[in-house]
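Structure first, commentary second.
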Amino acid sequence: MNDDFRELKARIKKLLTLLDDGGIGHQGFAQAVSAVQRAERHGDRSRQPSPELKGLLEKAENLGRAVVRT
C-alpha cells in the first residue's frame with residue numbers, strides 16, 4: 001500500500017469514528033461514508049487514489065463537518 005492510500009484510509013477511519021459517535025442519524029453523511037468505503041475497497045492500493053475516490057472522500061468529509069456543527 002502506498003503512502004497516499006495509507007493517508008486516505010486514515011481519513012476514512014476518522015469518518016467512521018464520527019459516524020459511530022452519532023453521525024448515523026444523518027442519512028446523507030452515512031451514505032457518503034459508505035460510498036467512500038466501497039470505492040476504497042475496489043481501488044488499486046499500489047497506485048495513487050483515483051480522482052473519483054478523492055472526490056467521494058472530500059464529499060463525505062464536508063458532510064461530516066456539517067454533522068459536527070449540528
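Right, residue 39: exposed (fewer than 12 other Cβ atoms within 10 Å of the Cβ) and of a type in the set (A, V, I, L, M) or not? When the stated conditions are applied, residue 39 does not pass them.
Residue-by-condition table, conditions (1) touching a residue at least 24 places away in the same chain (Cβ under 8 Å); (2) of a type in the set (A, V, I, L, M, F, W, C):
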{"residue": "3", "(1), (2)": "no, no"}
{"residue": "20", "(1), (2)": "no, no"}
{"residue": "30", "(1), (2)": "no, yes"}
{"residue": "43", "(1), (2)": "yes, no"}
{"residue": "65", "(1), (2)": "no, no"}
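Would you pick out the residues in segment 14-51 that are more than 12 Å from the chain's Cα centre (by Cα) and within 21 Å of residue 3 (Cβ to Cβ)? Quick ask: steps written out before the conclusion?
Looking only at segment 14-51, we keep the residues that are more than 12 Å from the chain's Cα centre (by Cα), and these are 20-28, 42-51.
The answer is 42, 43, 44, 45, 46, 47, 48, 49, 50, 51.
The residues of segment 1-29 that are more than 14 Å from residue 62 (Cβ to Cβ), out of contact with any Lys or Arg (no Cβ under 9 Å at 6 or more places or on another chain) and aliphatic (A, V, I, L, M), listed by number, are 10, 12, 16, 19, 24.
Where a number appears in this text, it was derived from the coordinates with a stated rule and is not lab data. The model shown is predicted, which means the values in this text are computed figures rather than measured ones. Please note: Cβ atoms are built from the backbone with ideal geometry, for glycine as well, and neighbour counts cover all protein chains shown.
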